[in-house]
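Engineer: Before I ask anything, let me first share the structure, which is written out below as structure tokens.
Nothing in this text is a laboratory measurement; each read-out follows from the coordinates by a stated rule. Every value quoted in this text rests on a predicted model; they were computed, and no experiment measured them. Don't worry about glycine lacking a Cβ; one is built from the backbone with ideal geometry, like all the others, and counts go over all protein chains shown.
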Amino acid sequence: MNTAVFILFISLVLFPLHLFASMPLDDDQWSPINDVKDPHIAKIGEFAVSEYVRLNTSLRLKFMKVVSGSIQIISNVKYYKLVVAVNDGGNSESKNYETVVWNLKSISELMDFRPLF
């Protein structure tokens, strides 16, 4: 088999499968975050809200604070599951949203963002 084709196969098929297989699936493996007021945790929460607003330009959400959170580390990737308090701009009352963000060194990606009722 041609070496270039083999490398292309590895990079396009097997590497994404590795990332999918390492996604957090088990709720038992999450560890609570003791200090949700930590500036790094607040930055992750603020990133989640700003990224969600960037993807949904009709929304006017403003990050208020992190209410609670947990963390899971898989293959050096940190997954943060946070409950964030958000103000929708027109309403003075804040609402809680659950979000999941993965973080690898300086790269973060929003995986989930949904309102809690």
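Engineer: Please determine whether any residue of the stretch 66-89 is outside any strand (DSSP E or B), buried (at least 17 other Cβ atoms within 10 Å of the Cβ) and in contact with a strand residue (DSSP E or B) (Cβ under 7 Å, 6 or more places away or on another chain).
Structural biologist: Within the stretch 66-89, the first condition is being outside any strand (DSSP E or B), and the residues that meet it are 75-76, 88-89.
The next check asks that each one be buried (at least 17 other Cβ atoms within 10 Å of the Cβ); those that pass are none.
No, the stretch 66-89 contains no residue that is outside any strand (DSSP E or B), buried (at least 17 other Cβ atoms within 10 Å of the Cβ) and in contact with a strand residue (DSSP E or B) (Cβ under 7 Å, 6 or more places away or on another chain).
Engineer: When the stretch 64-100 is examined, which residues are found to be in contact (Cβ under 8 Å) with a residue 12 or more places away in the chain, within 16 Å of PRO32 (Cβ to Cβ) and hydrophobic (A, V, I, L, M, F, W, C)?
Structural biologist: VAL66, VAL67, ILE71, LEU82, VAL83, VAL84, VAL100
Engineer: Further question on the same structure: So which residues in the stretch 90-117 are within 13 Å of the chain's Cα centre (by Cα), surrounded by fewer than 17 Cβ atoms within 10 Å (Cβ to Cβ) and among the aliphatic types (A, V, I, L, M), if there are any at all?
Structural biologist: Hits for the stretch 90-117 are LEU104, ILE107, MET111.
Engineer: From (1) in a helix (DSSP H, G or I); (2) surrounded by fewer than 16 Cβ atoms within 10 Å (Cβ to Cβ); (3) of a type outside the set (A, V, I, L, M), pick out the condition that doesn't hold for ARG60.
Structural biologist: Evaluating ARG60 over (1) in a helix (DSSP H, G or I); (2) surrounded by fewer than 16 Cβ atoms within 10 Å (Cβ to Cβ); (3) of a type outside the set (A, V, I, L, M) leaves (1) as the failure.
Engineer: Identify the single condition in (1) crowded, with 16+ Cβ neighbours inside 10 Å; (2) in contact (Cβ under 8 Å) with a residue 24 or more places away in the chain that GLU46 does not satisfy, given that it satisfies every other one.
Structural biologist: (2)
Engineer: Using the structure shown, decide if SER70 is of a type outside the set (A, V, I, L, M) and either touching a Phe, Trp or Tyr at 6+ places or on another chain (Cβ under 7 Å) or under 20 Å from SER31 (Cα atoms) (or both).
Structural biologist: So SER70 fits the description; yes.
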